[in-house]
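*Asks:* After the structure tokens below, expect a handful of questions from me.
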Amino acid sequence: MDKIDELIQAGQKFTFRNNSYSASHGTYTRASDELLGWAATVEDFIRNTYGEESAAFKLYVTFDRKKLNGYEQDEFEKQMTILNGSLKACKNITPKTINKQVDDHQIIQLIKNIYFWTVLLIISGGAFALGLHFGTSKFDKEKSEFYDKTKSQEVEINSLKNNLLTKDTTIVTLNKKILSLQDSLTKTK
């Protein structure tokens, strides 16, 4: 009830005298910024604490902001009476109960938490970027080493093939000589 009393007390300082202006043909309402701010606070308090279905809010809905500017004193007084009456009605009404759904399971609370998704996104992105960077660097290094090894092995293989070809031709030549010598020996006997 303290909030209601505070709002009522704050509303008592708003009078026609300090929310009006005089013209040649009379005095008319001109709402101050403070009065409009107070009226908005009253609306917010009643709507959020008692709900739109409460009698206090239904009384508040009859409040016409437009009549706080350019009207005579009796209209100003009517609008202030509506605001103060809706606040006084709140004293006799029980506030609405808030049916807040409770998530008992911690995993559901975690999934609904925006910070969880932010941290997960940052960590996943960082891990991907680091893996891509280090994986590419390692692969390039390994690829370079394997390329050098492959080149040296190709040179060695070509050298061995040439060496083998030379030895094969030598063997073939020597076999021919042996055959020719064998033939000549068999003929001489």
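*Asks:* Please identify, among Ser22, Ser152, Ser32, the residue showing maximal mean-square fluctuation in a Gaussian network model of the chain using a 10 angstrom Cα cutoff.
*Replies:* Residue with maximal mean-square fluctuation among Ser22, Ser152, Ser32: Ser152.
*Asks:* With a 10 Å cut-off between alpha carbons and a GNM built on the chain, which of Leu121, Leu83, Leu179 moves the most?
*Replies:* Leu179
*Asks:* Grab the beta carbon distance between Asp74 and Thr94, set R0 = 45 Å, and tell me the FRET efficiency rounded to 0.05.
*Replies:* On the way: r = 34 Å, r/R0 = 0.75.
With a Förster radius of 45 Å, E is 0.85.
*Asks:* Let me ask something else. In straight Cα distance, which aspartates and glutamates are under 19 Å from Lys143, not counting same-chain residues fewer than 8 positions off?
*Replies:* Those aspartates and glutamates meeting the cut-off are Glu154.
*Asks:* Please find, in a Gaussian network model of the chain (springs between Cα atoms separated by less than 10 Å), the residue of Asn163, Asn18, Asn92 whose mean-square fluctuation is greatest.
*Replies:* Among Asn163, Asn18, Asn92, the largest GNM mean-square fluctuation belongs to Asn163.
*Asks:* Rounded to the nearest 10 Å², what accessible area does Ser20 show when all protein chains are kept and the probe is 1.4 Å?
*Replies:* Number for this one is 40 Å².
*Asks:* DSSP H helices in the chain with Cα extent of 18 Å or more along the helix axis and mean Kyte-Doolittle hydropathy at least -0.5?
*Replies:* Working: long enough: 33-50 (25 Å, -0.18); 73-90 (26 Å, -0.53); 114-188 (107 Å, -0.12).
Both cut-offs are met by 33-50, 114-188.
*Asks:* Starting from the Cα gyration tensor of segment 43-135, multiply each eigenvalue by 5, take the square root, and state the resulting semi-axes largest first in whole Å. It would help to have the intermediate numbers written out before the result.
*Replies:* On the way: eigenvalues 569, 84, 9 Å².
Taking √(5λ) for each Cα gyration eigenvalue gives 53, 20, 7 Å.
*Asks:* How much length is gained on full extension from Arg47 to Asn18, taking 0.36 nm per residue of separation minus their Cα-Cα distance? Display every interim value, and only then the final one.
*Replies:* Working: separation 29, 0.36 × 29 = 10.44 nm, distance 2.76 nm.
Between Arg47 and Asn18, full extension yields 7.7 nm more.
*Asks:* With each pseudo-label sitting 7 Å past Cα toward Cβ, what's the Leu36-Phe134 distance in nm, one decimal?
*Replies:* 6.0
*Asks:* Run lengths n ≥ 4 of DSSP H only: what is the helix-derived mean residue ellipticity at 222 nm for the chain, with -39500 (n - 2.57) per run over all residues, to the nearest 500?
*Replies:* Working: 6 runs with 135 residues, N = 189.
Rounded to the nearest 500, the figure is -25000 deg cm²/dmol.
*Asks:* State which stretch of the chain is the longest one without any exposed GluC sites (Glu not before Pro), exposure meaning a DSSP loop state and at most 12 other Cβ atoms within 10 Å. Could you put the intermediate results ahead of the total?
*Replies:* Details: sites that count: Glu52, Glu53.
With GluC sites (Glu not before Pro) excluded where exposed in loops, the chain gives 54-189 as its longest stretch.
*Asks:* Are any of the pairs Lys13/Lys66; Lys66/Lys96; Lys167/Lys187; Lys3/Lys112 more than 22 Å apart by Cα-Cα distance, and if so, which?
*Replies:* Details: Lys13/Lys66 20 Å; Lys66/Lys96 29 Å; Lys167/Lys187 30 Å; Lys3/Lys112 33 Å.
Pairs exceeding 22 Å: Lys66/Lys96; Lys167/Lys187; Lys3/Lys112.
*Asks:* Keeping every protein chain present and rolling a 1.4 Å probe, give me the accessible area per residue for the chain in Å². If you can, show how the numbers build up before the last one.
*Replies:* On the way: 14790 Å² over 189 residues.
Counting only protein heavy atoms, the per-residue value for the chain is 78 Å².
*Asks:* Going by the alpha-carbon gyration tensor, a ≥ b ≥ c the square roots of its eigenvalues, is the chain rounded (a/c under 1.5) or, if a/c is not under 1.5, prolate (a/b greater than b/c) versus oblate? Could the numbers behind the result be given before it?
*Replies:* Details: a/c = 9.11, a/b = 4.90, b/c = 1.86.
Because a/c hits 1.5 or more and a/b exceeds b/c, the chain counts as prolate.
*Asks:* Of the heavy-atom accessible surface of the chain (probe 1.4 angstrom), what whole percent is carbon and sulfur?
*Replies:* Values: 8610 of 14790 Å².
With neighbouring chains kept in place, the figure for the chain is 58 percent.
The values are calculated or read from the model by the stated rules, or taken from the named source; none is laboratory data. These figures come from a predicted structure and were not determined experimentally. Cβ: placed from backbone, ideal geometry, glycine included. Neighbour counts: every protein chain shown. Surface accessibility is based on the protein's heavy atoms, side chains included, excluding ligands, DNA and RNA. Shrake-Rupley method; radii C 1.70, N 1.55, O 1.52, S 1.80 Å.
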